[in-house]
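Heads up, the thing below is written out as structure tokens.
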Amino acid sequence: MSELLSGEIVDLQVKSQESSKWILSNGEIEVSINESEAPEEVQIGDTIKVFLFKDRRGNLSATSSLPQITKGVYGWARVIKTEERVGSYVDIGSSREVLVKSFDLPVITQLWPTTGDHLYMTLRTDYLGDLYGRLITEEKVIETFIEAPTTVSNENLKARAYRLLPVGSFLITVPEGYRIFVHHTEQMAEPRLGEEVEVRVIGIKEDGSLNGSMLPRKQERLMDDAETLYRYLQDVGGKMPFTDKSSPDEIFEMFKLSKASFKRALGKLMKERKIEQKDGWTIVKSDI
């Protein structure tokens, strides 16, 4: 008879009842299950499917609330909470939450997942049989990702980060399962591990994986830059000593924009007749 191990889903027979627990057996090994964790109409002699885990005392226990993730089976687990120096507790679809330990998370704690993020993972057990989460490896992603069709080019997709490196972020799209890489130059900010973000497809590789960008499209950036300048003008009384003749250093120091972006934003506002330039000043037009 095979050994019963924490983290597995098995069929066991209901042997007896002791107080508020049922005793289950595979013919050789007995495991207890609390009444609250058992099916409602269970009876002695029934065979039930259960998930095995170690309880707080280190004893092998069972629940009929079956997880979506087991040892060797990968899936998205929602983060319930994250504790400093401990790690992230996640929901695997069962009544038992699982810890992803701190040493499996990014070195920079600001990139740790927060409540509501999702980690792509499986389960592992330590030498005591206690259950923990194991994040998916790059090798496993390469084996299992879905090849993207060419029709996704330039589309915006939802994706969750599963690996963070200085060179950029690796993500899996949801629900499609495409693998997508975003170079650090295509990020306004690095996502948290497990954070869901919107990524625009900017390239499709031969292996069916994708390159992406988290930056807005040129037209969207132009609108954002113009809105930023117009809001600044309104905040400072309707005029500013910056024009398309200002130096690149002055512009970047004040607005964190390149001169080309600054000029495009000014041009958009002038085309909309919202501003005018006069005597070295940019002024909000009073007749709009």
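Could you compute the FRET efficiency for ARG57 and MET188, with r as their C-beta to C-beta distance and R0 at 41 Å, rounded to 0.05?
On the way: r = 49 Å, r/R0 = 1.18.
Computed FRET efficiency for ARG57 and MET188: 0.25.
If each DSSP helix of 4+ residues adds -39,500 (n - 2.57) and the sum is divided by the residues in the chain, what number results at 222 nm, nearest 500 deg cm²/dmol?
Details: 4 runs with 46 residues, N = 288.
Per the formula, -5000 deg cm²/dmol.
Within region 112-140, whose backbone N sits under 15 Å from a point 7 Å along Cα→Cβ of VAL167?
138-139
State to the nearest 20 debye the size of the charge dipole of region 133-243 about its Cα centre, where the only charges are +1 on K and R beta carbons and -1 on D and E beta carbons. Please list the in-between numbers first.
Working: 14 positive and 18 negative charges, 45 e Å.
Magnitude of the dipole: close to 220 debye.
Just need the relative contact order of the chain here, percent rounded to a whole number, with Cα pairs under 8 Å and 6+ apart. Walk me through the numbers on the way to the answer.
Working: 573 pairs, mean separation 30.1, N = 288.
Reported as a whole number, the value is 10 percent.
Taking 0.36 nm per residue of sequence separation and subtracting the Cα-Cα distance, how much length would be gained by fully extending the chain between ARG273 and ASP207, in nm to one decimal?
Gain in length upon complete extension: 18.9 nm.
Using a Förster distance of 22 Å, how high is the FRET efficiency between GLU227 and VAL174, based on the Cβ-Cβ distance and rounded to 0.05?
Values: r = 30 Å, r/R0 = 1.38.
According to the calculation, E is roughly 0.15.
Students often get this wrong, so check it: of LYS101/LYS158; LYS49/LYS81; LYS245/LYS271; LYS54/LYS101; LYS239/LYS278; LYS158/LYS256, which have C-alpha atoms separated by over 20 Å?
Numbers: LYS101/LYS158 26 Å; LYS49/LYS81 29 Å; LYS245/LYS271 18 Å; LYS54/LYS101 17 Å; LYS239/LYS278 10 Å; LYS158/LYS256 28 Å.
Too far apart for the 20 Å limit: LYS101/LYS158; LYS49/LYS81; LYS158/LYS256.
For an R0 of 35 angstrom, estimate the FRET efficiency from the Cβ-Cβ distance between THR151 and LYS259 and round to the nearest 0.05. List each step's numbers first, then the result.
On the way: r = 38 Å, r/R0 = 1.08.
Efficiency, from the Cβ-Cβ distance: 0.40.
Working from Cα positions, state the angle (0 to 90°, nearest 10) between the long axis of helix 218-235 and the longest principal axis of the chain.
Roughly 70 degrees between the two axes.
Evaluate the distance, in nm, between pseudo-label points positioned 7 Å from the Cα of ASN34 and of THR109 along their respective Cα→Cβ axes.
Here the modelled spin labels are 3.1 nm apart.
Readers should treat all values here as calculations from the given coordinates under stated rules, not as data from a laboratory. Keep in mind it's a predicted model, so treat the numbers as computed, not measured. Every residue, glycine as well, gets a Cβ built from its backbone with ideal geometry; the counts of neighbours run over all protein chains shown.
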